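A quick write-up on the structure given underneath.
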Amino acid sequence: SKRLTAFTEFVLSTNKTQRQAVKNHYESKYKCTLQKTIERYFKGTIRELLVFLILSEEEFIAKWIEVALKKKDVNLLTLIICTQTNESLQRVTQIFDSQNKKSMKS
């Protein structure tokens, strides 16, 4: 489809900083998150990949913490937490708490 081709070209021709700039511009222009747009128009693995590629580092870590908690994967959770700085974990906690009903601290 044209959407898939456009997003594939976007992903392959941009770096993380550029994707974040496009994401921020999109969200300010359309008053809707790029993530919601991707989730609306794509399915399966390609949707997950596109969502992960537009996340900031802290959003990415928060997403993986969510996965680790859902799967009750202590090893993954330990790996994630042990590879983050205190400052990063504070930002990740704020992001996680804003996106989930349960606090990461509970």
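Structure above, values below:
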{"read-out": "Cross-chain or 6+ apart pairs with Cβ under 7 Å, the range 60-89 first and within 21 Å of Glu48 (Cβ to Cβ) and of a type in the set (A, V, I, L, M, F, W, C), then open to solvent by 100 Å² or more (accessible area, probe 1.4 Å) and not in a loop (DSSP other than H, G, I, E, B)", "value": "Ala62/Gln99"}
{"read-out": "Within the range 1-16, tally of residues that are part of a loop (DSSP other than H, G, I, E, B) and loosely packed, with under 12 Cβ neighbours inside 10 Å", "value": "3"}
{"read-out": "For Ser103: the one exception among (1) in a helix (DSSP H, G or I); (2) open to solvent by 40 Å² or more (accessible area, probe 1.4 Å); (3) of a type in the set (Gly, Ala, Ser)", "value": "(1)"}
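The values are calculated or read from the model by the stated rules, or taken from the named source; none is laboratory data. All values reported here derive from a predicted model rather than from experimental measurement. Every residue, glycine among them, receives a Cβ derived from its backbone with ideal geometry; neighbour counts consider all protein chains shown. Please note that ligands, DNA and RNA were not included when accessible areas were found on the heavy atoms of the full protein model with its side chains. Shrake-Rupley method; radii C 1.70, N 1.55, O 1.52, S 1.80 Å.
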